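Every number here is computed from the coordinates shown, using simple stated rules; none is lab data. Quick caveat: nothing in here was measured; it's all calculated off a predicted structure. Cβ atoms come from the backbone with ideal geometry, glycine included; neighbour counts cover every protein chain shown.
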Amino acid sequence: MIRVVGLGMTMFAFWMILSGPLTLDHSLLMRFAIGSCLLVVYIAKRMDFIDHEGVPLFLGGRFLGYFVWLTKEIFKCNLTVARIILSPSLPINPNMTVFRCSQNSDLGRVIFANSITLTPGTIVTGVENDQMQVHALTLSDTQDEEDEMDKRVTLVEGNA
């Protein structure tokens, strides 16, 4: 039941954040927000989607801190990839490499794989047990960044 309420409250908060500033004359918007959140929670419950991985409330604030760090890393990598692309010599060295991940759950591995893929210049092409095959635009600094990301995702997962 706590996951059902958590999902509903999270969806409602997200709706309110995206709606912008509200005044008293926005009662119709509030009714739509409540109605749509209740409908989606009802559908998710009927589909048996609300479980520890579907609604990972246990991640809590750890994920928010990781999200801030990941956003900073994505921005830095965007600048690096833009610099590479705009360089007249186009100094790329595309390659495939395999990284070991230290996450114990499927959710942790998914967060790690998606984080790698969100980072410009890298994409996860395969996951098998504790190994991820990654295509990278350049190999320089990739290993250090992935090691740091692996440690942070393991902390978010709560297994470190």
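Can you sort 89, 115 so the residue with the fewest Cβ neighbours within 10 Å comes first? Intermediate values should be presented prior to the final figure.
Details: 89 6, 115 23.
With the fewest neighbours first, 89, 115 line up as 89, 115.
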Exercise. Can you give the extra length, in nm with one decimal, that the chain gains between residue 147 and residue 114 once fully stretched, where that is 0.36 nm per residue apart less the Cα-Cα distance?
Worked result: 10.4 nm
Problem set entry | Mean separation of Cα contacts under 8 Å (6+ apart) over length of the chain, as relative contact order % | 22 percent
Exercise. Which entry in (i) 18.3; (ii) 17.6; (iii) 17.1 is this structure's computed Kirkwood radius over Cα pairs in Å?
Worked result: (i)
Problem set entry | residue 93-residue 74 pseudo-label distance in nm [points 7 Å out on the Cα-to-Cβ vector] | 2.8 nm
Seminar exercise, completed: Exposure-ranked with fewest Cβ neighbours within 10 Å first, 130, 150 stand as 130, 150
For this session: Could you work out which residue, out of 20, 108, 35, moves most in a Gaussian network model of the chain, that is, has the largest mean-square fluctuation with Cα springs under 10 Å?
Result: 20
Exercise. So, in nm, how far is label residue 9 from label residue 125 when the simple model puts each one 7 Å beyond its Cα toward the Cβ?
Worked result: 4.5 nm
For this session: Rank the residues 27, 105 as a footprinting-exposure proxy: fewest other Cβ atoms within 10 Å of their Cβ go first.
Result: 27, 105
Exercise. Considering the chain as a Gaussian network with a 10 Å cut-off on Cα pairs, which listed residue, 128, 148, 73, attains the greatest mean-square fluctuation?
Worked result: 128
